[in-house]
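*Asks:* Take this structure first; my questions come after.
Derivation of every value follows stated rules applied to the coordinates shown; laboratory data play no part. None of these values were measured; they are calculated from a predicted model. Quick reminder, even Gly has a Cβ in these numbers, built from the backbone with ideal geometry, and neighbours come from all protein chains shown.
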Amino acid sequence: MMEWMLGLQALVGQNADWKQLMLTAMTPLFLLGFVAEWLAMRRRGSLGQFQWKDILANLSLGAAYQVFELGAYALVTGAAALWFYGHRIWTIPANAWTILPIFVGVEFCYYWFHRTSHRVRWFWSAHVVHHSGERMNMTTAMRQSLLYSVTGWWLFFMPLVLLGVHPAVVFFLYACDLTYQFFIHTESVGRLPPWVEFIFDTPSNHRVHHGRNPQYIDKNYGGVLIVFDRLFGTYEAEAERVDYGVVRQVRSYNLFTLNFHEFFAMWREVLRPGPLWLRLKHLWAGPEWVRE
């Protein structure tokens, strides 16, 4: 493990939640970024994407997510990740030679977690919270669900742990990935040079991901990189103006409703009378699947 992480680990404990520590530490920078975005858009006279009830809901969802993730890590995720690490195939150190390949591995795992979160309703029941906002500004990145640990986001990163990367390194680099993503939730930045748009997830690429326009749905899953979308056929360039939100829009500012509306709807479908295998299909089929 990186030397400075070992030193910090001595202060915060052996089983610290590096993802949440990193995101919590970055919160002041996130807020400064949002203020800078707001000032830039005010100068342009383009404050349509800033609605204060929506922003307060985003901030509240982000705070609740932070607290719940810390609790979930202490109770389940941390111990589970260390169990996987105890059954690793090799031991892969984090150093100047390995850190970039490990990060690309984290990005690869994130791509499949993110893609699955759109195509499997069990995971979508958590991720839908992030997409239910109808406006795009940096606080939209804080629009996160209490259910992520319940549905099992961390399982997608365990292949790296089984290969031999310490969970602290995996979760820290995932936090770096999420930190980058905060700053691409914005309309204040247009299209960047073609080579940047080709390699990286940019504000333009990520606006597409949040669109409910038919051609934008389930596109551009990358976190920092967009290359896996190009490789696996899920890339779409920004063309027409993005209509933000989800197909079945919830339109609520209530934190309980925002966190649980899709999760409860999914289980109502599972419990509806019918053949058991069709009832259970609501858990793994796409969010758009309906039973006859």
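*Asks:* For segment 224-269, which GluC sites (Glu not before Pro) are both in a DSSP coil and crowded by at most 10 other Cβ atoms within 10 Å?
*Replies:* Listed in order of number, the matching sites are GLU240.
*Asks:* Sticking with this structure for a sec: Based on DSSP H runs of at least 4 residues, each adding -39500 (n - 2.57), what is the mean residue ellipticity at 222 nm of the chain after dividing by all its residues, to the nearest 500 deg cm²/dmol?
*Replies:* Counting only the DSSP helices, I get -18000 deg cm²/dmol.
*Asks:* One quarter of the convex hull surface, Cα atoms only: what value does that give for segment 82-128 in nm²?
*Replies:* Its average projected convex-hull area is 4.6 nm².
*Asks:* If you don't mind, there's one more thing I want to ask. More than 18 Å apart: what percent of Cα pairs in segment 48-109 qualify?
*Replies:* 65
*Asks:* What's the percent breakdown of Cα-Cα distances in segment 152-242 across 10 Å bins, shortest bin first?
*Replies:* 16, 42, 29, 12, 1
*Asks:* Separate question: Mind giving me the nanometre distance, one decimal, between the label points for LEU155 and ARG119, set 7 Å out from Cα along Cα→Cβ?
*Replies:* Once both label points are built, they end up 1.6 nm from each other.
*Asks:* Beyond 35 Å, what share of the Cα-Cα pairs of the chain is found? Please give it as a whole percent.
*Replies:* 18
*Asks:* Check which residues have an amide H placed less than 5 Å from PHE200's amide H, if you skip close sequence neighbours.
*Replies:* Placed amide hydrogens put ILE226 under 5 Å from PHE200.
*Asks:* Apply the Karplus parameterisation 6.51 cos²θ - 1.76 cosθ + 1.60, with θ equal to phi minus 60°, to every residue of segment 108-125 and state each ³J(HN,Hα) to the nearest whole Hz, in sequence, with x for glycine and proline.
*Replies:* Ordered by residue, 3J(HN,Hα) equals 4, 4, 5, 3, 6, 4, 5, 5, 5, 5, 9, 10, 10, 5, 3, 7, 5, 4 Hz.
*Asks:* For segment 91-174, what is the convex hull (Cα atoms) projected area averaged across all directions, in square nanometres?
*Replies:* If I average the Cα hull's projected area over directions, I get 6.2 nm².
*Asks:* Can I ask one more? Based on alpha-carbon centroids, what's the gap between segment 74-130 and segment 192-241 in Å, whole number please?
*Replies:* 21
*Asks:* Is any residue of segment 224-246 close enough, with backbone N under 14 Å, to a label point placed 7 angstrom from the Cα of MET26 along the Cα-Cβ axis, and if so, which?
*Replies:* Backbone N within reach: 224-225.
*Asks:* Tell me, what is the FRET efficiency for LEU47 and THR91 to the nearest 0.05, using R0 = 35 angstrom and their Cβ-Cβ distance as r?
*Replies:* Efficiency, from the Cβ-Cβ distance: 0.10.
*Asks:* Quick one: net charge of LEU178's neighbours, Cβ under 15 Å, K/R +1, D/E -1?
*Replies:* -3
*Asks:* Answer rounded, prolate or oblate for segment 1-158, using the Cα gyration tensor with square roots of eigenvalues a ≥ b ≥ c: rounded when a/c is under 1.5, else prolate when a/b is larger than b/c, else oblate.
*Replies:* Judged from the Cα gyration tensor, segment 1-158 comes out prolate (a/c at least 1.5, a/b above b/c).
*Asks:* Just grab the label-to-label distance for ALA239 and ARG212, each label 7 Å out from Cα along the Cβ direction, in nm (one decimal).
*Replies:* Reported label-point gap for ALA239 and ARG212 is 2.1 nm.
*Asks:* Additional query: What FRET efficiency comes out for the pair TRP267/ILE99, r = Cβ-Cβ distance, R0 = 30 Å, nearest 0.05?
*Replies:* The calculated FRET efficiency here is 0.15.
*Asks:* Using a cut-off of 9 Å between beta-carbons, work out the net charge of the residues near SER188 (Lys and Arg +1, Asp and Glu -1, SER188 not included).
*Replies:* In short, -1.
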